[in-house]
Structures are given as structure tokens and as C-alpha cells.
Amino acid sequence: MDRRYFKTGLLLAALIGMSQKAEAQKKNDFNNPALTHYFNEQHSRYISFSGYAELWARYTQLNPGSMVNNDAKSDLSDLSLRRVRVKMTYKPTEKLMFVLQGGTTNVNVNAKGSNYFDLLDAYAEYAFNDKIAFGAGRSTWRGLSRFTTGPLNTLLYDLPAYATSNAGATDYTVRELSAYIKGQLGKFDYRLVVADPYTMATADPKPNVSTFSKNSPHKDFSGYFRYAFLDTENISTPFNSGTYVGKKNVLSLGAGFDYIHNALWHQDTAKNTVNDDMKSFAVDLFYDAPLNQEKGTSVSAYAMAMHNDYGPNYVRYVGTNNPATSVDASLASLNGAGNAMPVIGTGNTYYVQLGGTLPYFNKEKKNLQLQPAVGVQLSDLKALHDNAVIYDAGVSLLMNGMSSRLTFDAQNRPVFTGDAANNAVVSDRKWQFVLKYRIDFN
């Protein structure tokens, strides 16, 4: 046997043995050793691996005129991979951390040629102390609101639609090349981010309707500030938890902003091109607390108010994991193809979410319980005559805490069309039913 392979085998065996010894007391939700190897006894230097996968089985009532591979469809059942993520966190010193994450998003039957396992995150962070840390690279570090950065332990089947409003327009899967500072001062934490947004606009300016500009984009400035009245929350990653299932007692008030100079454009009445700034402001309140720890019951609530200014009459219709490939223009609504709906625009958006965990089926094992939840989004947008109201109701079966859960969600969305006076009004409502399974590893 080659001595190099023999030595490598011995080294790997030693590392595995050291890891098992170091992590003997640290377990994940499956009661298995965590995928973390510590380099010192203080556990301040380590390398860890984590990730998750989300599988959707869905039935969707499609918007008018929707086409799937040139066939007109009014509804559709499909399977898809909503998200797959694999992450490595390397902390060689107490102050330095490097994060690398790859994955794929929205793998469905209509996306076989466009989904790859992509590099999503690659950034480094240096922490001077708990009060201030600096990071740079490609990441989801952003400001504005609690859920702007993406999903972590969502109470419903997915994030509320408004949360990642510019996803795919100025970023890539909510990622930008950015630099940030963050910190925690007692009960107060903050993040401030400056990023280079992507340019993905393809349309010329339209009369009195703003769209994202083709011009070279200006910097994206955002921030989020939060005060914890009870327990503080972990700020080591950009993601904020949607629920702690009663493991923490949290009441936090947050406020944030997002600003890009001349991000959009439109034509005025004289057909002159006018540039528009993107300005967004939000405040939110999050509450999560145990009710009876012995029974496993808990409550979780979230409320948010956001003001967006994208210029005149801007509204964005988005279909999450959209199963349609195109739309027949002669039959189309303002929503467009598939399951698209108005999620953000110039105007105000309000969101409320409420849920919690019910008692364990077996109090001794503490690994099976139900988590019902409801959510309502109301958007009062300048370009729409009627308010856009989106309803969600669902229930999750937590099999191994939040690391293995099955979620059923029913969503009802509005369909907008133009009336005789050319006002955007709700002409119909459509349903979407999603059965999601998510498994985490860490």
C-alpha cells in the first residue's frame, strides 16, 4: 500500500475520532452528533457543515391564458425542488470566519435546462468584538425587514411574497456582492450594507410607468436595526428565524431601509426619460414564546408595515417557483403567467402572521407535534384600483423539531384585469395548494 494513502487514512481516522469526541455532547434535532469539528477546547475555532432541501408537491389554479410547453392550461399538478442548499462555515480564529454555500432553486419540469448547482454565498467576516464586525463578498446580508434575507424556520410553507421584493431584478437569488458591518450592543443589534446590484432590465422606459433601468446601477444601501425586549437573537448569519417553537422568549421591534439612486426610469408626458430612485422603509414586530414547555406548546406572531417608492405606477407580479412557461397575450390578465401575483410596488404593504405549536403527541419522545399558522398580506399600491390581498393558511407536522417537517399550505391570491376605465381591478381569485417536506442537516 502506498505510504501516502496509509498516512492520509490515519489522519482522517484521527480527525473523525477527535470530532466525535469533541461533539459527543452536542446533538442536532435527530439526536445525532453535529457536523462540526472544533479545533480547540474552547470551541471558538471550528469547521461546520450544514444544509437543507425542500420538496414541493403542488396543485395550482393558473392565471388566465397560462401556457405550459405551448399547451393552454387552467390548472396544474407538479413536483419540484424549491431549494437545495449545502453550506460550509470555517472559523480558523476567534475573529475570522469564512462562509461558502452552494445550491439550486426552483427545479421543476419546465426548468431542466436552466437549473445548476450554483455558487450562492462566498464571503469572509472579521469580528473586532461583539459590537462590530465587518464582512464582504457575495451573500444575502441585506437590510429593510426581518425576512428580506430569505428563509430560516418559516412558520408557513415559504416566505411572505413581499419579503424578497427585488429577487431576480437587482440580485441573484437574493444575493449581491456587498460589504457590511453588524453588531450587537446589549439588547440592540444592527446591520448596514452597501452592495453592487445586478442589472437585469431589458425594457425601454414606458410612459408614466417606472421599470428598472438599463443604465449602470448605483450602489444599493440598506440597513436593519432591532431592539430585543426579552431574549436576544443570534446575528452570526444574515437569516432571521420565523419561529423558535418555544425554545426562546423573544419580543423584538425592528426598522429598516433600502435605497438605490436612479434604479428605475419612466417617460413623462413629453416623452422625456426621467430617472426614479428606489426607496423602501419598513417597521416590524416579532413575538415568539413558550406557553407550556412540558407540553411543547408555543405561540409565534409577526406584523410588518412597509412603504415602497419605485416611481410612478410600478408594480411587480411574481410567481414563486412558477410552473408556467408563457402566457397567451390575448387571454392574459395583468398577473401574467402561472401563479404570478402582485407582490410589491409603489405604495404600502402590510403583513400579519400568527401561529404556534400544539402539544406533543408523545410527551416522552417530544418529536411529533402540529404547528398551525395563518398569514395575510395586504398591498395598497398606486397602480392598482383594488387592494391586493393574499391569504395563507397551513399546518406543519414537526417530526424532528424544525429539522424534519411536513407542511400543507393553502394560498388564495387575486387576479387583476383592466376594467372599462383602464383601472386594475380584482376580477377573480385563484388557489394554490402546496405539500412541502423539508429536511435540514447540521
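Mind checking which residues of the range 266-295 are closer than 19 Å to Ser213 by Cβ and among the small types (Gly, Ala, Ser)?
Selection gives Ala270, Ser280.
What is the residue count in the range 117-145 for residues that are of a type in the set (Lys, Arg) and either in contact with a His (Cβ under 6 Å, 6 or more places away or on another chain) or within 15 Å of Tyr90 (Cβ to Cβ) (or both)?
0
Looking for something basic (Lys, Arg), modelled with pLDDT of 95 or more and within 25 Å of Asp78 (Cβ to Cβ) - is there at least one such residue anywhere in the range 373-386?
no
So, Asn412, is that one surrounded by fewer than 23 Cβ atoms within 10 Å (Cβ to Cβ) and in contact with a strand residue (DSSP E or B) (Cβ under 7 Å, 6 or more places away or on another chain) or not?
Against the criterion (surrounded by fewer than 23 Cβ atoms within 10 Å (Cβ to Cβ) and in contact with a strand residue (DSSP E or B) (Cβ under 7 Å, 6 or more places away or on another chain)), Asn412 qualifies.
Let me confirm something: among Asn166, Asn106, which residue is within 18 Å of Arg316 (Cβ to Cβ), in a strand (DSSP E or B) and modelled with pLDDT under 95?
Exactly one of Asn166, Asn106 is within 18 Å of Arg316 (Cβ to Cβ), in a strand (DSSP E or B) and modelled with pLDDT under 95, namely Asn106.
Name the single residue, out of those in the range 229-256 being of a type in the set (A, V, I, L, M) and under 13 Å from Ala289 (Cβ atoms), that is surrounded by the fewest Cβ atoms within 10 Å (Cβ to Cβ).
So in the range 229-256, the residues of a type in the set (A, V, I, L, M) come out as 230, 235, 245, 250-251, 253, 255.
Then drop every residue that is not under 13 Å from Ala289 (Cβ atoms), which leaves 230, 245, 250-251.
Working: Leu230: 13, Val245: 24, Val250: 19, Leu251: 15.
Ranking the candidates gives Leu230 first.
I need the full set of residues from the range 94-113 which are surrounded by fewer than 13 Cβ atoms within 10 Å (Cβ to Cβ) and among the charged types (D, E, K, R), in order please.
Glu94, Lys112
Determine which member of the set Arg142, Arg138, Arg146 is of a type in the set (D, E, K, R) and closer than 23 Å to Gly394 by Cα. Before the answer, list the steps.
Numbers: Arg142 fails: closer than 23 Å to Gly394 by Cα; Arg138 fails: closer than 23 Å to Gly394 by Cα.
Within the list Arg142, Arg138, Arg146, the selection yields Arg146.
Working only within the range 257-273, note down all residues that are free of Cβ contacts under 8 Å to residues at least 60 places away in the same chain and either assigned to a loop (DSSP other than H, G, I, E, B) or surrounded by fewer than 19 Cβ atoms within 10 Å (Cβ to Cβ) (or both).
Within the range 257-273, His261, Asn262, Ala270, Asn272 meet the criteria.
State whether the residues of the range 116-136 include one that is in contact (Cβ under 8 Å) with a residue 60 or more places away in the chain and crowded, with 16+ Cβ neighbours inside 10 Å.
Narrowing the range 116-136 to residues in contact (Cβ under 8 Å) with a residue 60 or more places away in the chain: none.
No, every residue in the range 116-136 fails to be in contact (Cβ under 8 Å) with a residue 60 or more places away in the chain and crowded, with 16+ Cβ neighbours inside 10 Å.
Check off (1) closer than 30 Å to Phe212 by Cα; (2) within 23 Å of the chain's Cα centre (by Cα) for Ser330 and give me the number that stays unchecked.
Every condition holds for Ser330 apart from (2).
For the subset of the range 274-320 comprising residues that are in a loop (DSSP other than H, G, I, E, B) and of a type in the set (D, E, K, R), which member is modelled with the lowest pLDDT?
Ranking the qualifying residues of the range 274-320, first place goes to Glu294.
Within the range 362-379, restricting attention to residues that are polar (S, T, N, Q) and in contact with a strand residue (DSSP E or B) (Cβ under 8 Å, 6 or more places away or on another chain), which residue is surrounded by the fewest Cβ atoms within 10 Å (Cβ to Cβ)?
Asn367
I need the full set of residues from the range 35-76 which are assigned to a loop (DSSP other than H, G, I, E, B), under 30 Å from Tyr244 (Cβ atoms) and in contact with a strand residue (DSSP E or B) (Cβ under 7 Å, 6 or more places away or on another chain), in order please.
Within the range 35-76, Leu35, Phe39, Arg45 qualify.
For the range 188-205, which residues satisfy the criterion of being in a loop (DSSP other than H, G, I, E, B) and over 17 Å from Ala167 (Cα atoms)?
If the condition is that a residue be in a loop (DSSP other than H, G, I, E, B) and over 17 Å from Ala167 (Cα atoms), then Ala203, Asp204, Pro205 are the ones that fit.
From the set of residues in the range 77-93 that are aliphatic (A, V, I, L, M) and surrounded by fewer than 18 Cβ atoms within 10 Å (Cβ to Cβ), which is farthest from Ala340 (Cα to Cα)?
For the range 77-93, the residue satisfying everything is Met88.
Strands (runs of 3 or more DSSP E) wholly in the range 353-442 with at least 1 residues that are among the basic types (Lys, Arg) and within 26 Å of Asn32 (Cβ to Cβ) - which ones?
Values: elements: 369-381, 388-398, 404-418, 424-441.
In the range 353-442, 404-418, 424-441 are the strands (runs of 3 or more DSSP E) which contain 1 or more residues that are among the basic types (Lys, Arg) and within 26 Å of Asn32 (Cβ to Cβ).
Can you confirm whether Gly102 is in contact (Cβ under 8 Å) with a residue 40 or more places away in the chain and under 16 Å from the mean Cα position of the chain (by Cα)? Reasoning before the result, please.
Numbers: in contact (Cβ under 8 Å) with a residue 40 or more places away in the chain: no; under 16 Å from the mean Cα position of the chain (by Cα): yes.
It is false that Gly102 is in contact (Cβ under 8 Å) with a residue 40 or more places away in the chain and under 16 Å from the mean Cα position of the chain (by Cα).
For the range 285-326, how many residues are surrounded by fewer than 21 Cβ atoms within 10 Å (Cβ to Cβ), on the phi > 0 side of the Ramachandran plot and in contact with a Phe, Trp or Tyr (Cβ under 7 Å, 6 or more places away or on another chain)?
Of the residues in that region, 0 qualify.
Go through the range 221-252 residue by residue and tally those that are within 17 Å of Gln353 (Cα to Cα), among the hydrophobic types (A, V, I, L, M, F, W, C) and not in a strand (DSSP E or B).
Residues in the range 221-252 being within 17 Å of Gln353 (Cα to Cα), among the hydrophobic types (A, V, I, L, M, F, W, C) and not in a strand (DSSP E or B): 1 in total.
Okay, residues lined up against (1) crowded, with 19+ Cβ neighbours inside 10 Å; (2) touching an Asp or Glu at 6+ places or on another chain (Cβ under 7 Å); (3) among the hydroxyl-bearing types (Ser, Thr, Tyr):
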residue	(1), (2), (3)
Gly143	yes, yes, no
Leu155	yes, no, no
Ala161	yes, no, no
Thr173	no, no, yes
Ala179	no, no, no
Gly186	no, no, no
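The values are calculated or read from the model by the stated rules, or taken from the named source; none is laboratory data. Note that the coordinates shown come from a computational prediction; the quantities given were computed from them, not determined experimentally. Virtual Cβ from ideal backbone geometry, glycine too; neighbours counted across all protein chains shown.
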